[in-house]
Amino acid sequence: MRRTGRGLKLITAISVAAIGYLLIIPLVLQVVSALRGPYLPFGVPSAQWGVANFVTLYGTLAPDLLATVRDTVLFVGGSVLISTGLGWALAWLVVRTDLPGRNLITVLVIVPFVIPPIVRAQSYFLMLAPESGLLRVDPFDFTTMTIVQGLAYVTFPFMLLMPIIQNMGSSHEEAARASGASAWQAFRRVTFPMLWPGTLGVVAMLSMLTLGNLEIPVLFGQQEGRNIFSLKLWSLITPTPGELPRYGLAAAYAVNFLVLVAVIFRIYLWATRDAAQRASVTGKDFRPVRLPLGRAKAPVTVLVWLYLILTAVLPLVALFWSSIMPYALPISWDNLVKHAGLGAFAAAAADPEFWASLGRTGVISVGSATLAVALAMVAAYYTARGKGWTVRFVDTLTSSSLAVPATMAGFAAFLLYSSVNRWIPLVGTVWVLMLAYSYRVAVAYRIAHSSILQINPELEDAAKASGASPLSVFRRVVLPLLLPTAAAAWIQMVILGANEFTIAAFLATPESRPLSWYLYSRINPQAAQLYAPDQGAAMAVIFTVFVLVFGYGVRILLTRRTNERRGRPAQQGDRLGDLGA
């Protein structure tokens, strides 16, 4: 009997429509809001079409727009330069030199990335505090803020560049050295040009991520960094008492920067378009050669460990110190003996809102991760096995969330659900946060797409020959094989959701705020009665431990599950014969 693929086609169509809803509709409404207002575009009787927001932005507020562009470019450009430069140097030293302690260095470089961003930003702030911090500098200086942002994102280029450098063969470098080139000349004229496309792709991706970051600007930039795009957008819709939010003007700002993001995304696609053609790994000549540092080994090792202490050790020390001190005090033995205590931890444990916000965080992160991974698996299977322009369209659509900074995603979702709230009352609930967080579907999609390409289609052909429908093949053959990949993507999405701060800044209310936003209320002096920095630090420590234990525990369970499945090949083979039933 001939089996049609109507069931799988229907599920694919629903998944693509859902992805389009999560990604396209909010951004379209953002453009609409810039042309219709002055407040929300729909549901408000006074709303009308016009270009008043752009006239205001390009007219009386033109200097403000130019200042926002200037400060944003300086902030993003400076921090990306620091992140990429340090990440590149660390990846090169770990992979291609005889630097001692490479495995431990790799772990310590990754540690800051695991810590929730708002916690990481708070720990940097406590480390730099002018009166009680370890370094005692001005944390509100624009240069300081840019450096902190750059240091906070070093892990990202480090993790992306490590495999690129690791997979590069050494024959080209050896040929250059044999021709009389020095080590520096071989690096400058051979190695770096080969790694340039991958590096440019990392720079473009990091620029989009930094543009959407709100944690560092909101903690450090209230004075000199107020013109940074993410903070400007947030301040326009959360004005001071006595002022009205300026949604239409904020949307006009966002439209201008949306064009900038589109340009950056095109650069990213261009830089990575022929990465496979530039591969330098072959089965014959690939030998990962470690270059001796020679006399530079000692000073380079010292510099690397100074960086690790500054970024991985001191911020955590400052965070823990703040949690055991009743108020801001310098780090000293005398203060430790006289004032240290665990009262903040006890107060945090007794705070019902802390546990309520932690529970909401779990619901939002697990729900958004499950939705995103489910949609990604269906879309990835369609693009990996299909052909034609529809496949290219779905691939571009699903990957496009990489080009949407979190600030724009949060603001666009805010406009969408505020406009339709009179008909679909989701504002102020965890469900609106769950839907908004799911926009990162591209993270799971790229992982799933690569894994599906590695599955031999012969398994699916055998199942179809046994009479299985395409939906049965997908459900009973492909999905079981994708379970480890889906689980890894799901864990990553859960941790991203648990750590999310930027999107919650636009959508959360006191009744729906996740823990990241409640932590900010505890460390923000403007939060009035909620301000308790010692309790905020204690909650941050507890939250970090929760995230680390969850991620590590789930990975152990999945590893065991995968090993058990690999130990039962006969049962997996028997399943193929039953698919036609």
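Extension gain, Thr390 to Asn421, is 7.9 nm, computed as 0.36 nm per intervening residue step minus the present C-alpha separation.
Counting only whole DSSP H helices of the chain, the ones at least 30 Å long by C-alpha along their axis and with mean Kyte-Doolittle hydropathy no lower than 0.0 are 6-35, 62-96, 247-271, 352-385, 533-566. Element breakdown for the range 396-439 at a 1.4 angstrom probe: carbon and sulfur atoms account for 69% of the accessible area.
Here the accessible area is traced with a 1.4 Å probe on the protein chains. For the range 1-151, carbon and sulfur cover 71 percent of it. By its C-alpha gyration tensor, with a ≥ b ≥ c as the square roots of the eigenvalues, how is the range 287-355 shaped: rounded for a/c under 1.5, else prolate for a/b larger than b/c, else oblate? Verdict is oblate for the range 287-355. Note on the range 369-429: Cα convex hull, mean projected area over all directions, 5.6 nm².
Taking the range 336-489 on its own, what percent of its Cα-Cα pair distances exceed 25 Å? Tail of P(r) above 25 Å: 49 percent of Cα pairs.
What are the semi-axes of the equivalent ellipsoid of the chain, taken as the square roots of 5 times the eigenvalues of the Cα gyration tensor, listed largest first and rounded to whole Å? Semi-axes (√(5λ), whole Å): 38, 34, 27. Between Tyr327 and Thr240, the FRET efficiency estimated from the beta carbon spacing at R0 = 35 angstrom works out to 0.80. Surface composition of the range 293-343: carbon plus sulfur atoms hold 75% of the accessible area, using a 1.4 angstrom probe and ignoring ligands, DNA and RNA. Per the Debye calculation on the range 406-530 with a single equal scatterer at every Cα and no solvent contribution, log₁₀ I(q)/I(0) for q = 0.21, 0.23 Å⁻¹ amounts to -1.11, -1.23.
Taking 0.36 nm per residue of separation and subtracting the Cα-Cα distance, full extension of the segment from Trp196 to Ala298 would add 33.9 nm.
Between Leu557 and Val55, the distance separating the two model label sites (each 7 Å from Cα on the Cα→Cβ line) works out to 5.9 nm.
Does the range 338-394 come out rounded, prolate or oblate, given a ≥ b ≥ c as the square roots of the eigenvalues of its C-alpha gyration tensor, rounded meaning a/c under 1.5 and, failing that, prolate meaning a/b above b/c? Prolate, because a/c is 1.5 or more and a/b exceeds b/c. Each Cα pair under 8 Å and six or more residues apart adds its sequence gap; the mean of these over the residue count of the chain is a relative contact order of 22 percent.
Nearest 0.05, what FRET efficiency do Val44 and Trp431 give at R0 = 30 Å with Cβ-Cβ as r? E(calc), rounded to 0.05, equals 0.85.
A 1.4 Å probe run over the chain, with the rest of the protein chains in place, finds 46 Å² accessible per residue. Checking the a/c ratio against 1.5 first, then a/b against b/c, what shape does the Cα gyration tensor give for the range 1-159? Since a/c reaches 1.5 but b/c is at least a/b, the shape of the range 1-159 is classed as oblate.
The values are calculated or read from the model by the stated rules, or taken from the named source; none is laboratory data. Because the structure is a prediction, the values reported are computed rather than measured. Note: ideal-geometry Cβ built from the backbone for every residue, glycine included; neighbour counts use all protein chains shown. Protein only, heavy atoms only, side chains kept; ligands, DNA and RNA dropped before computing areas. Shrake-Rupley method; radii C 1.70, N 1.55, O 1.52, S 1.80 Å.
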